[in-house]
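Just so you know, all these numbers are worked out from the coordinates, no wet-lab data involved. Just so we're clear, the structure is a prediction, and the values are computed from it rather than from any experiment. Using ideal geometry, Cβ is built from the backbone for each residue, glycine included, and neighbour counts are taken over all protein chains shown.
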Amino acid sequence: MKAVEISELLQRFRRRVHTDLANQKEEVSVNKSKKLTAAVAATAVASAIVAPVASAALNDIPNNYATAAINELVSKGIINGDEKGNFNPTANIKRQDFAIIMAKALNLDLTNPPATATFSDVPVGHYAFAAVEAAVKAKLISGLGGGKFGTNTNLTREQMATVFVNALGVDVTGYASKLNFSDKDSISSYAKNAVAFAVEAELLRGENGKFSPAANAERQQVAVVASNFLKAVEAYKVAQLKNVEATSATSLKLSFHKAVDALAATDVVVKEKATGKVVAVSNPVLAEDKMSATVTVGALTANTTYTVNYKARTFEVTTGERADFAGAQAVGAKKIAVKFTSSVDSAAAKFSLKKGAVSVVIEEVQWNADKTVATLVAADDFSAGTYTAAVTGLEGLSSTSANVVVAAEALTSIELDGNILPKSTATKFGFKALNQYGEDMELAPNAAQFTWVYSTALATNANSADNAAVNISNANIAVDSDLTVTVVANNGVKASKTFKIGKEVIVDTFTLGEVTNVDEDAERLTKDSEAYVAFEAKDQYGNVLSSPLDLIVDTDADNSWDAGEEKVQIVSSSANVSASYVVFDEDGEEVAGLNTAKGKAGIKLTVSNALNADETVVLTAIAPSGKTSNITVKLYKPALVDEVTVGAPTDVIADGDAAVYLPLTAKDQFGAVMTAKQLAEADLADDASVKAFVSSTGVSFDAGYDVETATGENQGKLKLTNVTGTGTVTITVVSASGKTSTTTFDVQAARFAQKVEIVDAATGTAGKLLQGASTKVDFKLYDQYGKEFTADGANKITFAITKVSGDDAGLTSTATAAPVLAESALSEITLAADAAKKGEYKLTVRVVKEDDSQTLSSATKNFTVIDGKTETLTYAVGELPTLYKGAADAANAYAKAVTVSATDANGVKVALPSNAIESVISSNTAAVLVDAATKKIYSANAILTADAKSTVTVVINTPTGTQVVNREVTVSVADLAVTDIKFVDADGEKIEKFAFANDTELLTGVNLFEGTDTDGVEVVVTDQFGGTSLSAAGNLSYYFSANDLTLADGEILDENAGVIAITEGTTTGTVESTWTAGKGFKLTVVNANGKSAVLNFTVTAAN
């Protein structure tokens, strides 16, 4: 019998093990349903050593290292001799014999073997046939492949080690690092951890410094290992230490071979090895998997060895070099690097930064890879002076702070980059102005502090705020000649670089690419569709060209891309598709105008509304070099609503609801599911694309059931307006092809307010108030169906503030004493704290039936009024934005208010009284002024030529005295630039659609700039400082497109000084244009830098 069967039996008991036998990997799966103890497993393994016969003295027990082990197993009745009384110490076990032992040991059914054999080498009638088939069926053992079960395969030493270690059920992960045999590299990867543990646990050992992993295991060796295994089973019934790691000066991490049910501090003994001094152990915390734990210990000395004992097993651990604070230094304009002598716990480290007594806001902490350097990134650039960097949360540091002397940021070097300068009026090249830290200061090349000199007077300065550039268009500047560019800063720093003059840039290659629908939901290009075409343009030097000015010649200097001005021609093979150039801003949005600073060129395809059949179109791009590129574009005839399904409403529908929206699912004639937008567009194009019919005896709606076409969450849904009555409603919809769908729903009783909630106000609600302070609180109402309720019903709202503890009347409100009878009138109220009282108070709001017969709902919220003398409050100054230099006074929109806030020790917001700010002081009044009355800061120095900074000192009145907080503020000299343009409605909300009535005197004048109260629409232009002073008609250009209006002879749709109007026809003297509901036009307003907004004017039914 061969020893390989031992491996398979133990693997059966414990887990699946992969072994490499005869160059094949055999998988043996552990049947976890068998609840066999390790001792039973050991007995089964040992009994496999010989065939069972009557117990008797063995004839051939060797007199060597295995003698004691063999005798021990014989005396315990675990092993017996063969029929001749021999042990056969060097014999091996056959696989089929081991299968018999496994089957018998596990009581497998051997009475019903299959009719045919699974393996060709164990046929029906073989003495081991039933056992092999049963063992294989039970997934205890498998064949070796090729239809063979495999016999005469021996067990190797590494396989034996793996089996016995797995049988112990211990975790040996990471043990391979402990191997020190000279042939350790010969041990299979799967066995290395097990071999290392087996040696440490004294299950087996090597010889002459070698382990000999591939050597066959002799029977006598197996006996020794089995004997050792029996001892190990007892030892490892409880968890044993696997490893010990000093994670800090006061913490140890213990790893175990198996899960630990509980761990007490007294279970762990730590001593200094050299002196025997006991180290206190406390606070043991087991990991979630109970395979490891951390314990707190008394301070451990650096570079010292300690012994750690748990359950009679001892490990040694040597502490490393103790991490310490190694100082700090400035490494950037707003960066200070804090250094440590060795790695630290980055998660535990907490940093602070101060300049004198003033805290500096740390925006980010950046760690290096080995956690020895933490770079503190401040919110603002440092000013010259001494800063203190401090750290907390790390134990054992001899010091925790360091002073850093920071010099004012200074220009120390300049870099010019590039090689060839193609001839042009503004040829760009690389420019960087670096500070003492090597950081790009992002200074404008055209700033007054720089002087530019060129090696020929024929070259002239063409710098802008964004780019360094030179005009080398002069015909006398020869191609291939050299041009040396020198820049000198006013502090003497300079740089020079010699460039080669190249030929004027031409578009050499222009490669057309992917076509993408402008409508991201559209699957096809069809009638009225638009699409963008990707492209890559390169000049003759291989540089990518993407700026609009690289691809057009703005011959009329109108800052727009007109037909005929493009350098690359795009030719379409079909009159149904036209290609035009467009410009995208830095956010990827299409804009009008060239937007030359940051714009990127693009190509747009427009499909004609005359398309009525599928068509394949070829687009060809022709570059000035004569090189061409082409792509094929497929066009499809317009989508029709072939099939439509109506769904039930997703919310409760009640009597009096203004609108009901029913979900529609539609498919076009191609079988594709239509998007909501496509369905809406199909309905606009043909009102008969979806028809709806209503059937109900108790419910009615306004006439005209239609698909919602307006953009929003309800677009593409069936809209029913003004619900009247209660009962059951049946809706039937019919598609353009005549297919129908039906849904039924119930209309419930009218809504009323049934529940109220107290919520935070828009500006926030404070849970605590200092005496004399106030805070706002808001409310939400819900109807009987759980939906937010904003209408009016037959109920009323009452308010009350009651004392919980403390002084009477310490908190009052602006809420009227009389009940609120109209729920829609419920709005924010202000709670005011008395200036001399304190206590806890409860605000109660109730929804009550109008006759006071029943309280339907109530909500409460507690507020505390404090004097602030016994609580620890933290005060903060709100963010101070960059200021515009042109604010004339504190009443100007560019003046910014200084605000302060406070929180208690638990982070609860505390409302402050109106006099919380004692004063605001600016350190640089030439740049920043303070209005003492309003506590606003502003800059009225419109002649500033460089950005300026000022330290704003805010003196805060607190109940325990004044506190001072400093914040740095910057004044920018940048000109006002548009960052956003939008259309807004009368409430100031952004809109994209504006409807007007269909009457004959329509659109005699919609003024976009007189305020929204008159026309319901206004253009708001926002600049980079949050102001709207650029919102003036003269600052914008206007473009009309998609004009579906039919104008009478001589009538013109145009803009004049911000007023959109249709002027009278020349023959009639009156506006006589024909208006059709659903038609309209698109208006685009554009600023000079390319920012734009679009408003769709849509005609509604006549008044």
Exercise. Would you mind calculating the relative contact order of region 241-318 from Cα pairs under 8 angstrom and at least 6 residues apart, reporting the percent as a whole number?
Key: 35
Quiz item: Once the Cα atoms of region 643-748 are picked out, what are the Rg and Dmax in Å?
Solution: 13.2, 41
Quiz item: Over region 694-775, what per residue volume does the convex hull of the Cα atoms give, in whole Å³?
Solution: 178
Quiz prompt | Per residue convex hull volume, Cα atoms of region 874-972, in Å³ | solution = 91
Quiz item: So, how do all the Cα-to-Cα distances of region 573-710 break down into 5 Å bins, in percent, from 0 on up?
Solution: 2, 7, 12, 13, 12, 13, 11, 9, 8, 6, 4, 2, 1, 0, 0, 0
Exercise. Give me D for region 795-895 in µm² s⁻¹, whole number, from Stokes-Einstein with Rh from the Kirkwood sum over alpha-carbon pairs, 37 °C and 0.692 mPa s.
Key: 191
Self-check item: Translational diffusion of region 325-406, µm² s⁻¹ [Kirkwood Rh, Cα pairs; Stokes-Einstein; 4 °C; 1.567 mPa s]
Solution: 103
Quiz item: Could you state the principal axis extents of the C-alpha atoms in region 667-803, from the largest down, to the nearest angstrom?
Solution: 72, 35, 21
Exercise. Before anything else, pin down the relative contact order of region 325-406: Cα pairs under 8 Å, at least 6 apart, normalised by residue count, whole percent.
Key: 35
Practice problem: Given the peptides 1018-1029, 615-626, arrange them by the average over their residues of other C-beta atoms within 10 Å, most packed first. | Solution: 1018-1029, 615-626
Quiz prompt | Column: log10 I(q)/I(0), Debye, Cα scatterers of region 386-430, q = 0.15, 0.24, 0.27, 0.33 Å⁻¹ | solution = -0.64, -0.92, -1.00, -1.16
Quiz item: Amide H to amide H under 5 Å from Ser413: which residues, 5+ apart in sequence or cross-chain, H placed 1.01 Å off N in plane?
Solution: Leu434
Quiz item: Kirkwood Rh, Cα Rg: Rg to Rh for region 411-502?
Solution: 0.97
Self-check item: Cα Rg over Rh - region 299-346, Kirkwood
Solution: 1.27
